[in-house]
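Okay, so here's the structure we're looking at.
The values are calculated or read from the model by the stated rules, or taken from the named source; none is laboratory data. Since the model is a prediction, treat every value here as computed from it, not as a measurement. Backbone-built Cβ (ideal geometry, glycine too); neighbour counts: all protein chains shown. All accessible areas refer to the heavy atoms of the entire protein, side chains included, with ligands and DNA or RNA removed. Shrake-Rupley method; radii C 1.70, N 1.55, O 1.52, S 1.80 Å.
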Amino acid sequence: MSFNATRPNLLAAPGVAWLVAFMVVPCVLVLSYAFFQRGVWGGVEYTFTLENFARVLDPLYAKIFLNSARIALTATVVAILIAYPAAYAISRAPRMSQPILLFFAVLPFWSNYLIRTYAWIVLLNREGLINNLLRWLGYTGEPLSMLYTESAVITGLVYNYLPFVILAIYSTLSRLSPELMEASRDLGAGPIRTFLRVTLPLTLPGVAAGGVFVFVLSIGNFVTPALLGGGRFQMVGNLVYDQFLTANDWPFGAALGAALILTMIALLLLQARATAHASGERKGEAAQ
Amino acid sequence: MNASSNPILRIEGVGKAFGPVTAVDNVTLDIRENEFFALLGPSGCGKTTLLRMLAGFESPNAGRILLEGKDISPLPPEKRPLNLMFQSYALFPHMTVRQNLSYGLEMERLDKAVIRRRVDETLATTDLTQFADRKPEQLSGGQKQRVALARALVKRPKVLLLDEPLGALDKKLREKMQLELKRMQHEASITFIIVTHDQEEALVMADRMAILRDGRLLQVGAPEEVYERPADRFVANFIGVMNFIEGAVGADGLFRAEGLEVKATGNAGPATLAVRPENIVIGPPGDQPVSGAIVDIAYHGLDRVLHVKTAATATPLQVRIPASGAGNWKIGDALSLKIDPAKCRLFQSIKRGTPCPRPLHSSRKRPSARR
Amino acid sequence: MNASFSGKLPGRIVLLLVFGFLYLPIAVLVLLSFNDSGLPTSWSGFSIRWYGALLANTDILRAAGNTLIVAVFATVISTVLGTLMALGMETRRRKSNGLEALAFAPMVIPDIVLAVALLTFFSRLGLAMGLHTIVISHVIFDLAFVCSVVRARLKHFDFSIVEASRDLGASGWTTFWRVTFPVLLPSIVAGSLLAFTLSVDEFIIAFFTAGAGRSSITLPMQIYSMIRFGITPEVNALATIVMGVSATALLISQWLNREQQVP
């Protein structure tokens, strides 16, 4: 290759410049707001303070944070519990049909998020399809109010992010040599012990990648709680939204955003560890 | 080789087909206790499928597999007292060497102290003690190979199955490990069944060997038996180097080809004479009955292989002579040669055991099972 | 093969349930879009009148137009920048962790955070917001996706063919257009289709960077305002069209990039 040392940097420069100017700088800017006071009329007053971070830990907001974490965690666990068997079944399907099955598992992920969420309004509404179905089956009581509940929010999150989790788990499953499972059987482990001691530990990176993805996107989500929770369920995403668009408390919104990003980074690091463990790398451990 | 000649493992009329393709065709074979047995054949001959049926990863369409007289065909792999050493080694990447070795014993629900002792013993005999706490990723190819072997041996199986165990190693290491494997087999007194496509490896290591082609068993015997008395033309060609001379057996019982006559027993009709390069005697022109000329000389260390053009064959005959006696021969020299009738084989063109042309099955394998 | 190895039935049941879960809600929407009454309560006959109503709805048409403008501009810019960045990153001698993080960040950063950051940034600059600010914002994640798709192709790219071309006497420029570019083209098109789909569907960032006023409302924003207050029959028809377009784009993208499956 006749590329000299500066050529690659030159090629990457415009993209890098764009990302630095419109992603790094704005993020640093907004996060720096977290250290300033809110102006009397909204806006920002440039006096240094840590008060905004203290407010994040205020019981009122900490509760919302923990509550969103709980909802996000539930969605994550449910998504993994559904995605794992699905990914496993796809990885066991005939070689030829695996890409097709995978394609159709991921396809909904690329259709509009709002529309996919809206579909659940249609299904869960008091006048929605499920209530109609129940009535048709002979149910005569009050229509069930399934919409605007926590379960509706969780269902929506799981539904929207499931394809990605299937993809992440499938990609580790498909890279797993079938001979490892055979070796386990050969050494005397039945199918269940083989799954628990070989298959599962080796596919944890996929589970972690999918799980972190669902959790991060769920905890910062504001569309699903707004549409399926009817605004009754404040999640961190909604809180940030409110600080910027209604309460006009940008410094506090910035502090909340910082908390979100820190959570995300912590989870990504955790995921990297899980990946390193399964691939047999040992980081930070004594070599003895 | 060993005191007992009882078969520990009996393969009885075993057959396996994948859809329309027959991978293993009615194979019957006895494997004796404590012997080092090689399943040899070109790729796609069914040897790996046969091994996988012994281990329990494929179930035969026909026949039975008896271990010490008991039919094990219905048992799943984990219930069979046989262990397989995988070609890819299949070491668990998330476990250390020690954990890999302990795994199989934990499955037997043995006492922790017992597991520790047996693993330590096996680590010592396989020279792995210092690597006990490493993960497979931190090992060299040869070390991984030893861990794979140790992991199977520590279970003290009745029969150890080895699928191309040395395939991934370089030539030097492979030759060293061939002897190492033999030593371990001897010390552990376990029956070894090795699958290989390398005839040299089988000749070096095996007490007895079976040659397969297109799923069918062609010949079973000790290495010298197979080398000296190959059952058919395919085996003759597959094992070692062989010269083939096309010709015919006359009414007088003599095999004749262009400019060549050998006393061989056979029925009158077309025939092929097979002779090893070391069984051809050469001399100066006119000294021996067949005349020829040297077209090439290949140096092989201790000996040399002369390629000799004669009237009898289209491709030059290969003649192996000790390097010490080869000093004077040069390319282009004329010479004469003689074939020892006692040391050659005659294959009649239409003959029992001659493999009939069948489609090769090499492409048909469980796709997921290979590498 | 033992029963436990070939037990295909549980797998099929799992797949049936999961695919049912994934596609039933979508199927219901599509079906409803052809329901004359437009309501999920009863089927009152096949009709395409909601599609007709869409065409008569000027708000939706304008939003669709805006979305198209944003998506086309963002796709073109991000395809060029993303491809160059991929080439730059894959031809570097040493991997740069900072560069890797920069290219990865747009795909994982919570979009609400990016959205408020951009809102803060644009308002701090005193920049009037509109379609152009949405384009600027969309290029951020679009370019990251284009870059990652093209890089995946470059990982399997045999750079010796570039050397061969130079050896045969072609200049660096000719080599790029005659050798490198044609090999990369399918992945570049696949990446740009992906970027287009992402841009068409993106809501949160557009919502924050569109500025005030109705003139720069995009389709997802229009949909959001329609569905916040329950079921609107026109949305069913709109949803069907949008999903059809996305699915087609993804199908083409996958098909173009299919060789990548085989290393």
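Solvent exposure of chain C, expressed per residue, is 45 Å² of accessible area, with all protein chains present and a 1.4 angstrom probe. Please state the shape class of the stretch A:59-152: rounded when a/c is under 1.5, otherwise prolate if a/b exceeds b/c and oblate if not, all from the C-alpha gyration tensor. Oblate, since a/c reaches 1.5 and b/c is not below a/b.
Surface composition of the stretch B:7-233: carbon plus sulfur atoms hold 47% of the accessible area, using a 1.4 angstrom probe and ignoring ligands, DNA and RNA.
In the protein assembly as shown, a dipole from Cβ-located charges (positive for Lys and Arg, negative for Asp and Glu) runs towards its positive end, and of C:ALA105, A:ASN132, B:ILE331 it is B:ILE331 whose Cα lies farthest in that direction. Taking the charge dipole of chain A about its Cα centre, with +1 at Lys and Arg Cβ atoms and -1 at Asp and Glu Cβ atoms, the residue from A:SER97, A:PRO225, A:ASN52 reaching farthest to the positive side is A:SER97. About its Cα centre, chain A has a charge dipole of approximately 580 debye under the convention of +1 per Lys or Arg Cβ and -1 per Asp or Glu Cβ, with nothing else charged.
The order of C:TRP255, A:TRP41 by accessible area, most exposed first and with a 1.4 Å probe, is A:TRP41, C:TRP255. Shape of chain C from the C-alpha gyration tensor: oblate (a/c of 1.5 or more and a/b not above b/c, with a ≥ b ≥ c the square roots of its eigenvalues). Rounded to the nearest 20 debye, the dipole magnitude of the protein assembly as shown is 700 debye, with +1 charges on Lys and Arg beta carbons, -1 on Asp and Glu beta carbons, and the Cα centre as origin.
Of the residues C:TRP173, C:TRP50, ranked by 1.4 Å probe accessible area with the largest first, the sequence reads C:TRP173, C:TRP50. In order along the stretch B:214-227, phi translates into HN-Hα couplings of 6, x, 10, 7, 9, 7, 10, x, 5, x, 5, 5, 5, 5 Hz, rounded to whole numbers, per the Karplus curve 6.51 cos²θ - 1.76 cosθ + 1.60 with θ = phi - 60° and x for Gly and Pro.
In order along the stretch B:25-37, the phi-based Karplus estimate (6.51 cos²θ - 1.76 cosθ + 1.60, θ = phi - 60°) of 3J(HN,Hα) comes to 10, 6, 8, 10, 7, 10, 10, 8, 5, 6, 9, 9, 10 Hz; Gly and Pro are listed as x. A:TYR139 contributes about 90 Å² of solvent-accessible surface, heavy atoms of the protein only, 1.4 Å probe. Placing +1 at every Lys and Arg Cβ and -1 at every Asp and Glu Cβ, with all other atoms neutral, what dipole size does the stretch C:63-197 have around its Cα centre, in debye to the nearest 20? Its charge dipole is roughly 260 debye. Only protein heavy atoms count here; under a 1.4 Å probe, B:HIS186 has an accessible surface of about 130 Å². Return one number: the angle in degrees, 0 to 90 and rounded to the nearest 10, between the long axis of the Cα atoms of helix C:181-201 and the longest principal axis of the Cα atoms of chain C. Tilt of helix C:181-201: around 30 degrees.
The alpha carbon gyration tensor of chain A gives principal lengths a ≥ b ≥ c with a/c of 1.5 or higher and a/b no greater than b/c, which makes the shape oblate. Taking amide H as placed 1.01 Å from N in the peptide plane, A:PHE36 has its amide H under 5 Å from the amide H of A:THR49, each at least 5 places away in sequence or on another chain. Less than 5 angstrom separates the built amide H of B:LEU161 from those of B:ASN83, B:LEU84, B:MET85, B:ILE193, all sequence-distant by 5 or more or on a different chain. Within the listed set C:PHE104, C:PHE73, C:PHE208, the residue fluctuating most in the Gaussian network model of chain C (springs between alpha-carbon atoms under 10 angstrom) is C:PHE104. Remark: the stretch A:46-54, residue by residue, has Karplus-estimated 3J(HN,Hα) of 7, 10, 5, 7, 10, 4, 5, 6, 4 Hz, where x stands for each Gly or Pro and the curve is 6.51 cos²θ - 1.76 cosθ + 1.60 at θ = phi - 60°.
The simple Förster model, with R0 at 56 Å and r as the Cβ-Cβ distance, assigns A:ASN248 and A:SER97 a FRET efficiency of 0.55.
Residues whose amide H comes within less than 5 Å of that of B:LEU335, counting only those at least five positions distant or on another chain, are B:GLY292, B:ALA293, B:ILE294 (H built at 1.01 Å from N in the peptide plane). Taking all protein chains together and rolling a 1.4 Å probe, B:ASP133 ends up with roughly 80 Å² accessible.
Comparing mean-square fluctuations of C:LEU99, C:LEU54, C:LEU194 from a GNM of chain C with C-alpha springs under 10 Å, the top value falls on C:LEU99. Among the listed pairs B:LYS70/B:LYS112; B:LYS144/B:LYS182; B:LYS16/B:LYS79; B:LYS47/B:LYS182; B:LYS309/B:LYS330; B:LYS79/B:LYS112, a Cα-Cα separation exceeding 25 Å is found for B:LYS70/B:LYS112.
On association of chains C and A, roughly 7200 Å² of accessible area becomes buried (total for both chains; probe 1.4 Å). Relative contact order for the stretch C:58-261: 35 percent, from Cα pairs under 8 Å spaced at least 6 residues apart, divided by residue count. Here the sum of -39500 (n - 2.57) over DSSP H runs of 4 or more residues, divided by the residues of chain A, equals -22000 deg cm²/dmol at 222 nm, to the nearest 500.
Span-like helix criteria (full DSSP H runs; alpha carbon extent of at least 30 Å along the helix axis; mean Kyte-Doolittle hydropathy of at least -1.0) are satisfied in chain B by no helix. A 1.4 Å probe over all protein chains sorts B:ASP198, A:ASP249, B:ASP287 by accessible area into B:ASP287, B:ASP198, A:ASP249, starting with the largest. Which one, B:GLY44, B:ILE211, B:VAL249, projects farthest toward the positive side of the charge dipole computed for chain B from Cβ point charges (K/R +1, D/E -1)? After comparing all options, I get B:GLY44.
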